[in-house]
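**Q** Let me begin by handing over the structure; questions about it come next.
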Amino acid sequence: MHRASLTSQQPLSIFLSLVVAALILLKLPSSPTAQKTALHLDGTPADPFLAASGKPVVLVFVRTDCPISNRYAPLIQRISSQYGAKVDFWLVYPSRMASAEKIRQHERDYGYKLPALRDPQHALVTQAQVRVTPEAAVFDANHRLLYHGRIDDLYVDFGHARPAATTHELDDAIQAALSGKTPPHNMPGVGCFIADLE
Amino acid sequence: MTLSCRSVVACLLGFSSVAGAVLAQQRDTTTQPSSPVPLQVTFNRDIAPILFHYCSRCHRPGEGGPFPLLTYADAKARARQIAALTSKRFMPPWLPEPQELRFADELRLSNEQIALFQKWVEQGALEGVPADLPPAPQFAPGWQLGRPDEIIEAKKPYTLPASGSDMYWNFIFRTPVDRKRWLKAIEIRPGEKRVVHHANILVDRNQSARRQEAEPGAGFPGMELKIESETFDPDSHFLFWKPGIVPRPEPEGMSLRLDTETDLVLNMHLQPSGKTEKIQPNLGLYFTDKPATLFPLLLQLENDRQLDIPPGEKHFLVTDEFTLPVDVDLLAIYPHAHYLGKDLEALATLPDGSAKTLIHIPQWDLNWQAVYRYADPVPLPKGTTISMRYVYDNSGENLANPNDPPRRVVAGNRSSDEMAHLWLQVLPRASSDGAFDPRMLLQENMARHNLGKNPTDFEAHYNLAAMLQTRGAQAEAIQHFELAVHLRPQDATANNALGASLLAAGRIGEAIPYLYAALRAQRDNFDAHYNLANALVSQDRFVEAIEHYRAAIRLHPDDANAEANLGGALAETGKLSEAKLHFQRALRINPNHKLARENLEQITREPKNLQQ
């Protein structure tokens, strides 16, 4: 009987340990990213989602020396002003080389009035699944990624811009985040490869 | 008397934005020494030599490239970008296909070079060993041709908005010469190079562009300009700037004349960068003591009349061809179309039947339009037919199409209109007997050719008449001036020219109404006042003549002929002391004025007449 009771317990303990192992495996992917972090311009760690409880978050990835993202500056600023406090809008500079001072100067030069983050470890790049500057990522109020990709379809390829954009994915995605409507399909942007910055 | 002969040259300036379909990777047909791609590609050994030769001229601080490409760190931070852009042949920018006739400063990568970039990135963009790194290219700072003799800056800057579509802006430079000078070079410093796609200087010998300025020095917008010239002085030089261009002095003997009244009009194609930019270009002038001894000419093939492109049309063909009446050397070529241009080609068919491709651009991109100079002059004998063959795409598939949805497009000066132009800089071989200026024969034939395409081409009638007048074919000249006036009855220049031409033929009575018509069209037309005064003198209508000489002198106070003739007319009416004054003025302006001197001597010999 004693033996029997031992054998009857064994499968149970194995099952429990499997569950524990599974939980650990599930947590694994998130723990390395948790160590990487974006930074405020003053050098302190930044988490744009922590500050934005219950509000959509928009990240627009730019580079100081990317002509395509620079050409978008007036539009990015206009869209961010248009939604005001309804969404949390951040410029993200994924370059390790861009110092806080260089970023402040870049914001002044291009008339940006929105807050900027540095993302030298590509924590936000990974989370937002962006590939080039300029690309945007829109997270809903629960901070689920709704859309990532181009701002609009002005550029079709390097050096091939339309006279004017005919689609407006970033704008549509923000409206989707605010209204709960279906976001646009993710569309890749044309611009400067972020992977070159690794 | 002044016979004004206006060679009207519509000049093209170009411009940009994105063109056409995505560039397909093209096969390089040039025979390149095919060096095998090494097993391991490194920056120092394989990549740096290509960047230094093809890229660094623009990709360095202060130049048009948006980032430098001078070091390993520069290249590594752009490795995928470089591989992607070179594989699409978007960079370095070079539109023509490889061909037998080579261009100077070709910027075309071989397929092997492109493959090196791909492999370099795949292998992790390695640096390699320092010993392999070639010396970095040396670029002279500042003016590329050395310190200019004279630097002129645009009077007022132009402020380019941060966003919006492409902009075409024209700056007028008043030239700082106090006498006729010869230029061996002009270096263009366009200002903020990152927003300047290209720039073109037009020589405005008649200050005609100034009329378009809202206030002096302000400049004016516009993509295409028309500059009028009142003498036979055809455009002769391409004065062109694009990012990375290597400025060169004009070839020996081809100096460019600058007169005191010459304006240089700088037409710039600007592209907003995302921030407001102030553009204030400078021109560096390099003088020479050697007057021009060789006279090149810009020939224009065109067929704007054929441009009527239905919406959705993907393959709209425009052609023109012109047979050379003299031997020439072709020095440079400049194809020009706007955003619907797709495949642009020019051919020369020689008298022996052989054909040469002069240029072929299979994926036209207005953004990267350029003047292409041949590595060596291309001899084209008399009888050679030059033909242009331009294909336009007005479908929605043409991403550069400025109209969404596409609409019917015809020729015009706006960037949303089209153009079909091919400019050639040719140097005519001197005629064996030296009896005629071969440029005039070229211009005359070109005008006849244009009339063949369009019998109601005002400018062609006018130019043809002017050429005929100059070589003494007066009756035919009058015919074509009449046709020009018939086409534009309100045109002051044409009415004046017809009047002057009739006057030269002794048909005074017929001339006078046209000269009055010229003045009705334009009250401050110096030539018309002067010619009319001369006509009135021929009819002994001295009082009226005096009035028009005075009007002419008010417009051009330094015209010795007008002063001398006014003196003559005054003398005819007995106003000798006043006449004397004007003969003296004429002589102050031109001490060698024969008529003024003789007349002055004559009335001074008869002092009693001065009492009157």
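The values are calculated or read from the model by the stated rules, or taken from the named source; none is laboratory data. The model shown is predicted, which means the values in this text are computed figures rather than measured ones. Here Cβ is always computed from backbone atoms with ideal geometry, including for glycine, and neighbour counts include all displayed protein chains.
**Q** Do we have any residue at all in segment B:368-375 that's of a type in the set (Val, Ile, Thr) and under 19 Å from the mean Cα position of the chain (by Cα)?
**A** yes
**Q** Scan segment B:167-201 residue by residue and report those that are touching a Pro at 6+ places or on another chain (Cβ under 8 Å) and in a loop (DSSP other than H, G, I, E, B).
**A** Residues satisfying the conditions are B:PRO190, B:GLY191.
**Q** I've got another one for you. In segment A:44-80, which residues are under 30 Å from B:SER273 (Cβ atoms), of a type in the set (Ser, Thr, Tyr) and more than 14 Å from chain B (Cβ to nearest Cβ)?
**A** If the condition is that a residue be under 30 Å from B:SER273 (Cβ atoms), of a type in the set (Ser, Thr, Tyr) and more than 14 Å from chain B (Cβ to nearest Cβ), then A:SER80 is the only one that fits.
**Q** Working carefully through the options B:LEU116, B:LEU109, find the one that is more than 20 Å from B:GLN363 (Cβ to Cβ), more than 14 Å from chain A (Cβ to nearest Cβ) and buried (at least 18 other Cβ atoms within 10 Å of the Cβ).
**A** On the way: B:LEU109 fails: more than 20 Å from B:GLN363 (Cβ to Cβ).
It is B:LEU116.
**Q** What are the residues in segment B:508-533 that are in contact (Cβ under 8 Å) with a residue 24 or more places away in the chain and part of a loop (DSSP other than H, G, I, E, B), if any?
**A** Selection gives B:GLN522, B:ASP524, B:ASN525.
**Q** Just checking, does segment B:278-293 include any residue being within 14 Å of chain A (Cβ to nearest Cβ) and either in contact (Cβ under 8 Å) with a residue 40 or more places away in the chain or farther than 26 Å from B:PRO377 by Cβ (or both)?
**A** Among the residues of segment B:278-293, at least one is within 14 Å of chain A (Cβ to nearest Cβ) and either in contact (Cβ under 8 Å) with a residue 40 or more places away in the chain or farther than 26 Å from B:PRO377 by Cβ (or both), which makes the answer yes.
**Q** Here is a further query. Would you call B:ILE172 more than 14 Å from every other protein chain (Cβ to nearest Cβ), buried (at least 21 other Cβ atoms within 10 Å of the Cβ) and touching a helix residue (DSSP H, G or I) at 6+ places or on another chain (Cβ under 7 Å)?
**A** In short, yes.
**Q** Mind checking whether some residue in segment A:117-127 is within 14 Å of another protein chain (Cβ to nearest Cβ), among the small types (Gly, Ala, Ser) and crowded, with 21+ Cβ neighbours inside 10 Å?
**A** No; the residues of segment A:117-127 include none that is within 14 Å of another protein chain (Cβ to nearest Cβ), among the small types (Gly, Ala, Ser) and crowded, with 21+ Cβ neighbours inside 10 Å.
**Q** Select from segment B:251-277 the residues that are in contact with a helix residue (DSSP H, G or I) (Cβ under 9 Å, 6 or more places away or on another chain) and small (Gly, Ala, Ser) and write down the one among them that is nearest to the other protein chains (Cβ to nearest Cβ).
**A** If we take residues in segment B:251-277 being in contact with a helix residue (DSSP H, G or I) (Cβ under 9 Å, 6 or more places away or on another chain) and small (Gly, Ala, Ser), then B:GLY274 is nearest to the other protein chains (Cβ to nearest Cβ).
**Q** Provide a single number: the residues in segment A:128-145 that are assigned to a strand (DSSP E or B) and away from chain B (no Cβ under 14 Å).
**A** 6
Residues are listed down the side, and each one gets a yes or a no for (1) surrounded by fewer than 17 Cβ atoms within 10 Å (Cβ to Cβ); (2) at pLDDT below 90; (3) under 30 Å from B:GLU277 (Cβ atoms); (4) within 14 Å of another protein chain (Cβ to nearest Cβ):
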site	(1), (2), (3), (4)
B:GLY14	no, yes, yes, no
B:SER17	no, yes, yes, yes
B:LEU23	no, yes, yes, yes
B:SER56	no, no, yes, no
B:ALA73	yes, no, yes, yes
B:LEU85	no, no, yes, yes
B:ARG89	no, no, yes, yes
B:LEU95	no, no, yes, yes
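**Q** Would a scan of segment B:548-570 turn up a residue that is at positive phi and not aliphatic (A, V, I, L, M)?
**A** No - not one qualifying residue is present in segment B:548-570.
**Q** Find the residue count for segment A:159-168, including only residues that are out of contact with any Leu (no Cβ under 6 Å at 6 or more places or on another chain) and either buried (at least 24 other Cβ atoms within 10 Å of the Cβ) or at positive phi (or both).
**A** Residues in segment A:159-168 being out of contact with any Leu (no Cβ under 6 Å at 6 or more places or on another chain) and either buried (at least 24 other Cβ atoms within 10 Å of the Cβ) or at positive phi (or both): 1 in total.
**Q** Is it true that some residue in segment B:105-115 is farther than 30 Å from A:VAL132 by Cα and in contact (Cβ under 8 Å) with a residue 12 or more places away in the chain?
**A** Within segment B:105-115, one or more residues are farther than 30 Å from A:VAL132 by Cα and in contact (Cβ under 8 Å) with a residue 12 or more places away in the chain.
**Q** Look at B:ALA552 and say whether it is touching a residue at least 24 places away in the same chain (Cβ under 8 Å), small (Gly, Ala, Ser), part of a helix (DSSP H, G or I) and under 26 Å from B:GLY574 (Cα atoms).
**A** The answer is yes for B:ALA552.
**Q** Looking at A:ASP196, A:ASP171, which one is away from chain B (no Cβ under 14 Å) and not in a loop (DSSP other than H, G, I, E, B)? Full working, then the answer.
**A** Working: A:ASP196 fails: away from chain B (no Cβ under 14 Å).
One residue alone meets the criteria, A:ASP171.
**Q** If the Cβ limit is 8 Å and pairs must be 6+ apart or interchain, which residue in segment B:169-180 that is more than 22 Å from B:PRO221 (Cβ to Cβ) pairs with which residue that is among the charged types (D, E, K, R) and outside any loop (DSSP other than H, G, I, E, B)?
**A** B:THR175/B:ASP263; B:PRO176/B:GLU150; B:LYS180/B:ARG257
**Q** Can I ask one more? Would you check if there is a residue in segment B:92-114 being touching a helix residue (DSSP H, G or I) at 6+ places or on another chain (Cβ under 8 Å), more than 30 Å from B:ALA185 (Cβ to Cβ) and outside the structural domain of B:ALA332 (by TED's automatic domain parsing)?
**A** Taking every residue of segment B:92-114 in turn, at least one turns out to be touching a helix residue (DSSP H, G or I) at 6+ places or on another chain (Cβ under 8 Å), more than 30 Å from B:ALA185 (Cβ to Cβ) and outside the structural domain of B:ALA332 (by TED's automatic domain parsing).
**Q** Being part of a helix (DSSP H, G or I), charged (D, E, K, R) and within 33 Å of the chain's Cα centre (by Cα) is the requirement here; does B:ARG588 meet it?
**A** Taking the combined requirement at face value, the residue does not satisfy it.
**Q** For A:ALA100, are the conditions met, namely being out of contact with any helix residue (DSSP H, G or I) (no Cβ under 8 Å at 6 or more places or on another chain) and either free of Cβ contacts under 8 Å to residues at least 12 places away in the same chain or among the β-branched types (Val, Ile, Thr) (or both)?
**A** Answer is no for this residue.
**Q** Here's a follow-up. Does A:HIS148 satisfy the condition of being at pLDDT 95 or above, away from every other protein chain (no Cβ under 14 Å) and farther than 19 Å from A:SER80 by Cβ?
**A** Answer is no for this residue.
**Q** Which of the residues belonging to segment B:565-585 are part of a helix (DSSP H, G or I), under 22 Å from B:ASP540 (Cα atoms), in contact (Cβ under 8 Å) with a residue 12 or more places away in the chain and among the charged types (D, E, K, R)?
**A** Those that are part of a helix (DSSP H, G or I), under 22 Å from B:ASP540 (Cα atoms), in contact (Cβ under 8 Å) with a residue 12 or more places away in the chain and among the charged types (D, E, K, R): B:GLU572, B:LYS580.
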